[in-house]
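Let me begin by presenting the structure, written as structure tokens, before commenting on it.
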Amino acid sequence: MTQQPSVILATASYDRSIRFWEAKSGRCYRTIQYPETQVNRLEITPDKRFLAAAGNPHIRLFDVESNNPQPVMNYESHTNNVMAVGFQCDGKWMYSGSEDGTVKIWDLRAPGCQREYESRAAVNTVVLHPNQTELISGDQNGNIRVWDLTANSCSCELVPEVDTAVRSLTVMWDGSLVVAANNRGTCYVWRLLQGTQTMTNFEPLHKLQAHDGYILKCLLSPELCEPHRYLATASSDNTVKIWNVGGFTLEKTLVGHQRWVWDCVFSVDGAFLITASSDTTARLWSMSTGENLKVYQGHHKATTCCALHDGAEPSC
């Protein structure tokens with residue numbers, strides 16, 4: 001057992017490895033070989049104990065606090081690439097979305113999949129609403145669906161642009177906004193209205209032509225970033241753009257990556273952004289200046305996803 005830093009930063013790459021980094025120094029202190037498949041998505045549990053790696057077609061859970069290269073748990077029942085993974089706020093269950101067309105829920109304390117929802121098209125992205133009772137998925141056919149976990153059914157369907165894949169979804173921490181990014185470089189923004197149900201009312205708020213290329217990830221800033229509210233969009237045009245949510249004006253463009261930017265994650269206070277790129281690197285950026293503060297070098301092929309947990313354990 002080795003003492004881990006309070007900041008957990010991990011990246012995964014097409015070189016079939018997962019790396020853990022010291023965020024400040026840029027030193028890689030642990031590498032996990034992942035020989036079976038590429039990793040599509042990484043997520044750290046709220047208590048910082050485990051790292052979930054979504055591959056093809058399984059999810060592996062690794063112990064953050066040991067050097068054991070083997071997963072502590074395997075989740076098998078998807079039949080194609082797992083493109084999305086995340087955790088309920090107290091870490092009791094995990095959700096996932098896959099190119100097999102399903103969204104699944106897994107109880108971390110029990111084997112097997114507890115629930116399955118059929119999207120009927122390859123699922124690219126899934127987010128959990130802050131109310132912890134609804135999942136929102138986006139798929140390759142351009143559908144956005146809300147899955148009501150209490151009613152155990154689909155409560156809402158939207159198609160912002162027909163036959164245009166929804167690549168990424170993000171929900172504001174207070175549940176007030178949802179943003180969907182697509183393959184045409186467009187972000188659709190809705191205000192979420194509290195109806196008699198928890199959240200089935202989407203009111204169109206804005207359409208943002210953010211990039212000329214694909215948007216591979218969109219992400220709204222966290223609660224501790226208030227009163228500032230930002231939207232980050234990572235793109236195949238090699239940049240990440242930071243938008244002010246107030247009027248969806250461009251605040252700054254983060255330039256430095258040499259190839260596609262696949263993923264991004266905010267620090268808990270929204271002061272920093274980590275990005276992952278096909279140029280093999282991950283980078284740390286200052287949100288106030290747009291400056292590239294650190295480059296994490298070590299992967300040999302495209303770095304496709306990153307995960308960061310630098311906050312306290314959340315209270316649900």
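Annotations
- Estimated D of segment 1-146 in µm² per second, where Rh is the Kirkwood radius over Cα pairs and Stokes-Einstein applies at 4 °C, 1.567 mPa s: 83
- Geometric descriptor of segment 147-298, per residue, is 125 Å³ (volume of the convex hull of the Cα atoms).
- Projecting label points 7 angstrom from Cα along Cα→Cβ for Leu193 and Thr37 puts them 4.1 nm apart.
- Contact order relative to length of segment 25-154, as percent, for alpha carbon pairs under 8 angstrom and 6 or more apart: 14
- Table column - 3J(HN,Hα) (Hz), segment 74-91, Karplus curve with 6.51, -1.76, 1.60, x for Gly and Pro: 10, 10, 10, 4, 5, 10, 8, 3, 8, 9, 9, 8, x, 10, 5, 5, 9, x
- Shape parameters for segment 48-106, alpha-carbon atoms, Rg then Dmax in Å: 11.4, 34
- Once both labels are positioned 7 Å from their Cα atoms along Cα-to-Cβ, the gap between Asn152 and Asp107 label points is 1.3 nm.
- At most 13 other Cβ within 10 Å, DSSP loop - trypsin sites (Lys or Arg not before Pro), segment 274-316: Lys301
- Taking the convex hull of the alpha carbon positions in segment 260-313 and averaging its projected area over all directions gives 3.8 nm².
- Using a simple spin-label model with pseudo-atoms 7 Å out from Cα toward Cβ, Gln297 and Asp163 lie 4.5 nm apart.
- Per residue solvent-accessible surface (Å²) - the chain, probe of 1.4 Å: 41
- Among the trypsin sites (Lys or Arg not before Pro) found in segment 108-189, those both in a DSSP coil and sparsely packed, with 10 or fewer other Cβ atoms within 10 Å of their Cβ, are Arg109.
- Segment 212-285 - Rg (one decimal) and Dmax (whole number), Cα, Å: 11.6, 34
- Protein heavy-atom surface of segment 1-151, 1.4 angstrom probe: 46% of the accessible area is carbon and sulfur, with nucleic acids and ligands not counted.
- For the chain, convex hull of alpha carbons as volume per residue, Å³: 118
- Across the chain, the relative contact order, built from alpha-carbon pairs under 8 Å that are at least six residues apart, equals 14 percent.
- Straight-distance crosslink candidates among lysines, where the alpha carbon sits under 22 Å from Lys241 and sequence neighbours closer than 8 are dropped: Lys207, Lys217, Lys252, Lys294
- Rounded to whole numbers, the Karplus 3J(HN,Hα) couplings from phi for segment 219-232 are 8, 8, 6, x, 4, 6, 7, 3, x, 6, 10, 10, 10, 9 Hz, using 6.51 cos²θ - 1.76 cosθ + 1.60 with θ = phi - 60°, and x at Gly and Pro.
The values are calculated or read from the model by the stated rules, or taken from the named source; none is laboratory data. The structure presented is a predicted model; accordingly, all values stated were derived computationally and were not measured. Quick reminder, even Gly has a Cβ in these numbers, built from the backbone with ideal geometry, and neighbours come from all protein chains shown. Accessible surface is based on the protein model in full, side chains and every heavy atom, while ligands, DNA and RNA are left aside. Shrake-Rupley method; radii C 1.70, N 1.55, O 1.52, S 1.80 Å.
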